[in-house]
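Single-structure report; data block below.
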Amino acid sequence: MTPADSLDFARGAIYVLLEVATPAMLTALIVGLGIGLLQALTQIQEMTLVFVPKIIAIFIVLLIALPFAGAAMNGLMVEIARRIAAY
């Protein structure tokens, strides 16, 4: 495997990582921002108020995005297996 092949493989793996992690991270950002704004407007400073809605929202988004994440990881694994078989 040449250095260029290694870089292409690493780049592809990073893209798959971003595809898998982005829905959960964006959900956590949006829910956290919304609850933070709600806390600022109502002056409720309860620290545990953020965690339960954020966990529930992330769980729901992960359930919805699971087929897409599985397909992305399957594609990466097929590519890895193809490269191993080629050498």
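Select from the range 19-46 the residues that are assigned to a helix (DSSP H, G or I) and surrounded by fewer than 11 Cβ atoms within 10 Å (Cβ to Cβ) and write down the one among them that is modelled with the highest pLDDT. If you could, list the steps in order and put the result at the bottom.
Within the range 19-46, the subset assigned to a helix (DSSP H, G or I) is 19-42.
Among the residues that remain, those that are also surrounded by fewer than 11 Cβ atoms within 10 Å (Cβ to Cβ) are: 33, 37, 40-42.
Working: 33: 94, 37: 91, 40: 88, 41: 91, 42: 89.
Residue satisfying both the conditions and the ranking: 33.
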Going by the structure shown, is residue 49 over 14 Å from the mean Cα position of the chain (by Cα) and either more than 30 Å from residue 11 (Cβ to Cβ) or surrounded by 14 or more Cβ atoms within 10 Å (Cβ to Cβ) (or both)? yes
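Tell me the residue from 21, 10, 40, 69 that is within 29 Å of residue 84 (Cα to Cα), more than 15 Å from the chain's Cα centre (by Cα) and of a type in the set (Gly, Ala, Ser), please.
Values: 21 fails: more than 15 Å from the chain's Cα centre (by Cα); 40 fails: within 29 Å of residue 84 (Cα to Cα); 69 fails: more than 15 Å from the chain's Cα centre (by Cα).
The conditions single out 10.
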Close pairs (8 angstrom Cβ cut-off, 6 or more residues apart or separate chains): farther than 30 Å from residue 33 by Cα in the range 55-80, among the charged types (D, E, K, R) and surrounded by 12 or more Cβ atoms within 10 Å (Cβ to Cβ) anywhere: none
Among the residues in the range 33-46, are any on the phi < 0 side of the Ramachandran plot and touching a residue at least 24 places away in the same chain (Cβ under 8 Å)? no
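The values are calculated or read from the model by the stated rules, or taken from the named source; none is laboratory data. Since the model is a prediction, treat every value here as computed from it, not as a measurement. For neighbour counting, all protein chains shown are included, and Cβ atoms are generated from backbone atoms with ideal geometry for every residue, glycine included.
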